[in-house]
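Data first, discussion second: the structure below is written as structure tokens.
The values are calculated or read from the model by the stated rules, or taken from the named source; none is laboratory data. Computed from a prediction, not measured in an experiment: that's the story for all the values here. Don't worry about glycine lacking a Cβ; one is built from the backbone with ideal geometry, like all the others, and counts go over all protein chains shown.
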């Protein structure tokens, strides 16, 4: 098993700490749209929540994701995904319904975010799209099992699910979009400069 290098470990820790964007995003989505109990609240709440999560992830990405593209893609995928997923489960909040809703949202979110990955440095963006349904469902599952009051119909899973999602997706992000290894710069000696 390959041990991660320090820059990779630092980038993973930073990305994982980005889980803090999720509760902020959930509060923003709820403040704008209210509980997810209909198509309008799902779409608008998902758009707002996704924009905030995307901005937070871009900031936590160690420069690997471009903020405007990632935030817009996350907003679009989250808004449409929450609209479709919550309608499919009839806005129910039991564990199975939330996991299914998360998987459906993850499909649209994954496709949108994969399209926003930088093409030159991320040669396999489809891996992100494939993983998002499972990771988004896992976020809802962990949140529900942790006893968070999901009956309030939030736009995104809670901090426990966000931490799980961020830790796992950080490993995936590094596999798809590694941190550029920086070579220490050596200052030339005076004799090298004169040569």
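Of note:
- Residues of the stretch 49-61 that are crowded, with 19+ Cβ neighbours inside 10 Å and either over 17 Å from residue 152 (Cβ atoms) or more than 14 Å from the chain's Cα centre (by Cα) (or both): 50, 51, 52, 53, 54, 55, 56, 57, 58, 60, 61.
- Unmet requirement for residue 64, which otherwise passes all of (1) more than 16 Å from residue 162 (Cβ to Cβ); (2) part of a helix (DSSP H, G or I): (2)
- Summed over the stretch 124-136, the residues that are assigned to a helix (DSSP H, G or I) and surrounded by fewer than 24 Cβ atoms within 10 Å (Cβ to Cβ) give a count of 8.
- The one condition in (1) in contact (Cβ under 8 Å) with a residue 40 or more places away in the chain; (2) surrounded by 23 or more Cβ atoms within 10 Å (Cβ to Cβ); (3) under 25 Å from residue 151 (Cβ atoms) that residue 101 fails to fulfil: (1)
- Selection from the stretch 72-96 of residues that are touching a helix residue (DSSP H, G or I) at 6+ places or on another chain (Cβ under 9 Å) and over 15 Å from residue 47 (Cβ atoms): 87, 88, 89, 90, 91, 92, 93, 94, 95
- Only one of 45, 38, 106, 139 that is farther than 18 Å from residue 169 by Cβ, at pLDDT 95 or above and crowded, with 24+ Cβ neighbours inside 10 Å: 45
- The stretch 157-173: number of residues that are buried (at least 24 other Cβ atoms within 10 Å of the Cβ) and more than 11 Å from the chain's Cα centre (by Cα): 2
- Test: residue in the stretch 177-190 that is at pLDDT 95 or above, within 21 Å of residue 65 (Cα to Cα) and either surrounded by 19 or more Cβ atoms within 10 Å (Cβ to Cβ) or out of contact with any helix residue (DSSP H, G or I) (no Cβ under 6 Å at 6 or more places or on another chain) (or both): no
- Where a residue in the stretch 60-79 is free of Cβ contacts under 8 Å to residues at least 40 places away in the same chain and its partner, wherever it lies, is in a loop (DSSP other than H, G, I, E, B), with Cβ under 7 Å and at least six apart: none
- Candidates 123, 133, filtered to the one that is within 23 Å of residue 15 (Cα to Cα) and more than 14 Å from the chain's Cα centre (by Cα): 123
- In summary, residue 92 fulfils each of the numbered conditions (1) modelled with pLDDT of 95 or more; (2) closer than 19 Å to residue 26 by Cβ; (3) part of a helix (DSSP H, G or I) with the single exception of condition (3).
- A single member of 121, 74 is surrounded by 22 or more Cβ atoms within 10 Å (Cβ to Cβ) and either assigned to a helix (DSSP H, G or I) or at pLDDT below 95 (or both), and it is 74.
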